[in-house]
Every structure is written in structure tokens, then in C-alpha cells.
Amino acid sequence: MSLRDTKRTLLFHVIGEIKLKRGNSYLIIFLAAVLLSLFFIIFDKDGSSVRNDATIYLGLAKNVLEGHGYSDQAIVPYAPTMSREPVYPLFLSFLLFILKNNIFLIQVTQAIIYAFTCLIIFKILTLIISNGGTAFKIAMINALFPALPNYTAYLIAETLFAFLLALTVWFLVIAFKKNDLKAYLFSGIFLGLATLTRAVVVLFFSFVILIIIFESLRKYERIFISLIFKQITLFLFGFLIIVLPWMTRNYLVLGKFSISSRGFNTLYVRASKVDLNKKEMKMYALSCISENLAGKYFPGINFSTTGDGYFYQAVQKKNKEYLNLKLSAEETDARFREEVTNLIKKRPFKFIAMGVFETIKFNSFGHSLLINENYAGGLIKNYTLVSLLRGGLKLFGFLIAIFSIVGIILTRKEWFNWVVISSLILYFNFMQFFLDSIGRYAVAIIPYYIIVASYGFISFFNKKRNKIA
């Protein structure tokens, strides 16, 4: 190691330690997260915050606020629904009430929630990394990664979901590190709230149970029945007291013991791709890597992941068909379930093989509001530059995902410190392998990609420096 490198390493270490000792680290991370979020919120010129899914969430929130119940209908009879998980619409209705329908203040509130998420990520880092300076640097990388604060401008569930998931991870890490039984209870509660925000994590409890069993084997070299019974019982109790009342409501009111009625609608988008011909397969493969790239090779085709996109026409057609039949959301989901079953039975191997494309698309999380929205074209007025910025962000997202795998491999000797984060990354990729994915769905786990990737990267170069020294 050169004298210059040595000085730089010592400087970073000292700065990190000083910040931690003075208690300024939390303030710096908080302010960085809030200010960057405000930057994206201020540039929300084309009304991105209140379109597509946001209009559905806003409609649900207003119906709750106006006493029409949990309904996504804008007119009488305001039929009850479970078309969206309830936590974010209820949270939004609360904000609409106390902030007098001020969208900008709601966005600012989400910026503050994002900042607290960054602080929780920092707390998680201090639990699993002994070096405070390294923990601070990784927390700052996370806070300043543009694809995260970007979503505070949207009235969609991602920001709140990321916050609740971070709390879940934090309490799980505390539970495993300190054998704190109360932490198991709180982790179950927050996983329940996260599930009622985005139902994709509904099966993560099974991963947690496996981790509890493996932790018993690691610590005691046997399955300590009485201890793991307490841990699993407290965790599941916390989870179920949150999730079961909502599922019971859905059974009593709608005749379906479920969290949401849109599961098979989403799965149909994925399953319908088994009917793609060779040309369409090429189109889809390219669009998973880059929508702009696909547009270059196949001009005139809309490759967006909205309802107008080429690969979403099949589900749009079915939705119109069921709408004309005046089916409820629950009846529509039942129809989609039949369609999905038939499509998978028709081409099971193709359905599984196409999961590779979904994983690639899931990990393309370089979306940034200022660059990706239509407003960017009018602001920068250079299509090539806009495309390079978009492509660069997406490539950076891919690199973080790849480096996170490297990080998991490099930290294998201390796997017990990283097991919660590694399991979460594995779980999300496993689930999205079988679903229709877009980069937005990865928002909640981007912090954990960054944590593992950064730590792996730092560990790798520290080892190289030590060898050179």
C-alpha cells in the first residue's frame, strides 16, 4: 500500500469515527436523504405522483376519508374491495385528513419517511459491521442512490413499504444477534404491516422460521426445541395479529380468505408470455434489458411496463372482457386463476424458463424520476444524452445486483451476520422469478443490495491492499 493510500484510508476511518462519536452521522444521513428527495419532488413537473396506480390508492384513501368504506369505486354503491392491500391507502387517507389534501406536503412526509428508512438501514449496518466508518459510508451510498429517494414523489406504496420492511429486518437482526424475544414479536408485527402494504412478502415468514432453526443449530449444535418454539411463536403471533383481521374481513365481506384480489391478474401477465412467438421473444428479451434498446430494434412498438405496453395488451383485453361482463374484482381474479392454470399446463417448461427474463427485469432498478419521465426530454433536449443517462442508471443497477452476489460469497465465513439480508434478497428474486416484474418492485430491497455489494467491494479491496502491504 502506498503512503497516499494509507493516509486516505486513515482519513476516512478517522472521519467516520469522529462523526459517530459526535452523534452527527444520523443527522447527516437524515438531511442527505430529505434534501435529495425534495430535489425529485420539486421536479415532479408532469404530475407523476397522481397517475396510474397512484389514482387507485388516492381513490381508496378518499373513499375511506369520506365514509364510503374501503372501496375503489367512485360512485354508489361503493362496493367493498380488496383490490389493493390496505395499509398504504389507510396511511394516505390519514395524511389527506391532517394535511388538508395537500399533495406536496404528502410528498414531503414521504421524504421524511424515506430519511427514517435510511437511519434504520444505518442501525442495521452498525449491528452487523464492527467498523463505524464503513457503516456510515455504506449508509450514505444508500441514502444518495437516486432510485430510492426518487419514489418519494409518487403517491404509491414503495416508500412506506421500504420503511416497514427495514423495521422488519432491523428487529430480526436484533433478535438473532441478541436473542431478544421481544424483537421476534416486533419483527412479526412489522412483517405483517409490510405484507398488508405489498403482499409479495406474505411467504417470507417461512424463510424466517428456517433461519431460526439454523441459528439454533449454529449456536447450540442442535435444535433447541423450547427456545425455537418461543421464538417462532412470538414471531408468528406478531405477524398473524396484523394479517388475520384483514383476511377475516375479506372472507366475511367478499367470501375470500385472502390479502388481495389481484394476485392472479399479475400472474396472468407473466403466464400469457408463454404464447409469444420467436420474434416476440426477441422483443421481450431486449425490453427486459432496456426498453429504449428494444425500441431501437423494433421501432413503433410501445415497450413500457404500463397498461399501454405491448406485453400488457393480453391482460388489458381480458380486463375489458370481464368489465363488460360486470364481474367483481374477486370474480375477475377467479377467472384469471383459471386462465393462468391453463397457460402453465400448456407450456410449463417455457413458463419456468422465462423466469430468467423476469429476474433480469426485476434487477433493472435504475429508474430515476428526473431522467425517466417525459419531462426529462423537454429539460435536457438531447435524446442521446437522456438515453445515456437512463442506460447508465440501469447498468449501475445491474452492477449493484451482481456485486451483491459477490458480496454474499465474500461474507460466507460470517454468514450468520448476513443471513437475514441474504435471505431477503434470495426471497425477492425467487418470488419475482414466477411473477411479472418491473424495476420498481425491487425498490424495497435496493438498500440490502447496496449493503452487501458495498461491504463485499470494500472487503475485496481491503484484502488486496493487505496483500500488497
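The values are calculated or read from the model by the stated rules, or taken from the named source; none is laboratory data. On a predicted model such as this, the values are computed, not experimentally measured, just so you know. Cβ: placed from backbone, ideal geometry, glycine included. Neighbour counts: every protein chain shown.
When the residues of segment 215-266 are filtered to those that are hydroxyl-bearing (S, T, Y) and more than 23 Å from V202 (Cβ to Cβ), which remaining residue is surrounded by the fewest Cβ atoms within 10 Å (Cβ to Cβ)?
Among them, the one singled out is S226.
Being among the β-branched types (V, I, T) and in contact with a Ser or Thr (Cβ under 7 Å, 6 or more places away or on another chain) is the filter here; which residues of segment 72-120 pass it?
Those that are among the β-branched types (V, I, T) and in contact with a Ser or Thr (Cβ under 7 Å, 6 or more places away or on another chain): T81, V87, I103, I113.
Could you please find all residues in segment 428-467 being of a type in the set (G, A, S) and modelled with pLDDT under 90?
Answer for segment 428-467, where residues must be of a type in the set (G, A, S) and modelled with pLDDT under 90: S437, G439, A442, A453, S454, G456, S459.
Which of the residues spanning segment 70-97 are touching a helix residue (DSSP H, G or I) at 6+ places or on another chain (Cβ under 9 Å), farther than 22 Å from G192 by Cα and without any contact (Cβ under 8 Å) to a residue 60 or more places away in the chain?
Of everything in segment 70-97, those that are touching a helix residue (DSSP H, G or I) at 6+ places or on another chain (Cβ under 9 Å), farther than 22 Å from G192 by Cα and without any contact (Cβ under 8 Å) to a residue 60 or more places away in the chain turn out to be Q73, A74, Y78, L96, F97.
Looking for something surrounded by fewer than 18 Cβ atoms within 10 Å (Cβ to Cβ) and modelled with pLDDT of 75 or more - is there at least one such residue anywhere in segment 387-395?
Yes, segment 387-395 contains a residue that is surrounded by fewer than 18 Cβ atoms within 10 Å (Cβ to Cβ) and modelled with pLDDT of 75 or more.
Matching residues to (1) among the hydrophobic types (A, V, I, L, M, F, W, C); (2) more than 19 Å from F235 (Cα to Cα); (3) at pLDDT 95 or above:
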| site | (1), (2), (3) |
| --- | --- |
| I120 | yes, yes, yes |
| A135 | yes, yes, no |
| L167 | yes, no, yes |
| L196 | yes, no, yes |
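Can you name every residue in segment 71-89 that is within 13 Å of F161 (Cα to Cα) and among the aliphatic types (A, V, I, L, M)?
The answer is V87, and nothing else.
Among T152, T159, T168, T195, which is free of Cβ contacts under 8 Å to residues at least 40 places away in the same chain and buried (at least 24 other Cβ atoms within 10 Å of the Cβ)?
From the options T152, T159, T168, T195, the qualifying one is T168.
From the list K326, K296, pick out the single residue that is out of contact with any Gly (no Cβ under 7 Å at 6 or more places or on another chain) and either part of a loop (DSSP other than H, G, I, E, B) or modelled with pLDDT of 85 or more (or both).
Among K326, K296, only K326 is out of contact with any Gly (no Cβ under 7 Å at 6 or more places or on another chain) and either part of a loop (DSSP other than H, G, I, E, B) or modelled with pLDDT of 85 or more (or both).
If Y184 satisfies every condition in (1) more than 26 Å from G397 (Cα to Cα); (2) among the aromatic types (F, W, Y); (3) surrounded by fewer than 24 Cβ atoms within 10 Å (Cβ to Cβ) but one, which is the exception?
Exception for Y184: condition (3).
I'm trying to understand the selection: among the residues of segment 310-330, which are surrounded by 13 or more Cβ atoms within 10 Å (Cβ to Cβ), without any contact (Cβ under 8 Å) to a residue 60 or more places away in the chain, over 27 Å from P299 (Cβ atoms) and not aliphatic (A, V, I, L, M)?
If the condition is that a residue be surrounded by 13 or more Cβ atoms within 10 Å (Cβ to Cβ), without any contact (Cβ under 8 Å) to a residue 60 or more places away in the chain, over 27 Å from P299 (Cβ atoms) and not aliphatic (A, V, I, L, M), then K318, N319, Y322 are the ones that fit.
Need pairs with beta-carbon distance below 9 Å; first residue closer than 14 Å to L125 by Cα and within segment 400-429, second assigned to a loop (DSSP other than H, G, I, E, B); sequence gap 6+ or separate chains.
Here the result reads N417/I129; N417/T411; W418/T411; S422/T411, each pair linking segment 400-429 to a residue that is assigned to a loop (DSSP other than H, G, I, E, B).
For segment 267-282, enumerate the residues that are surrounded by fewer than 19 Cβ atoms within 10 Å (Cβ to Cβ) and either in a helix (DSSP H, G or I) or out of contact with any helix residue (DSSP H, G or I) (no Cβ under 8 Å at 6 or more places or on another chain) (or both).
Within segment 267-282, V274, D275, N277, K278, K279, E280, M281, K282 meet the criteria.
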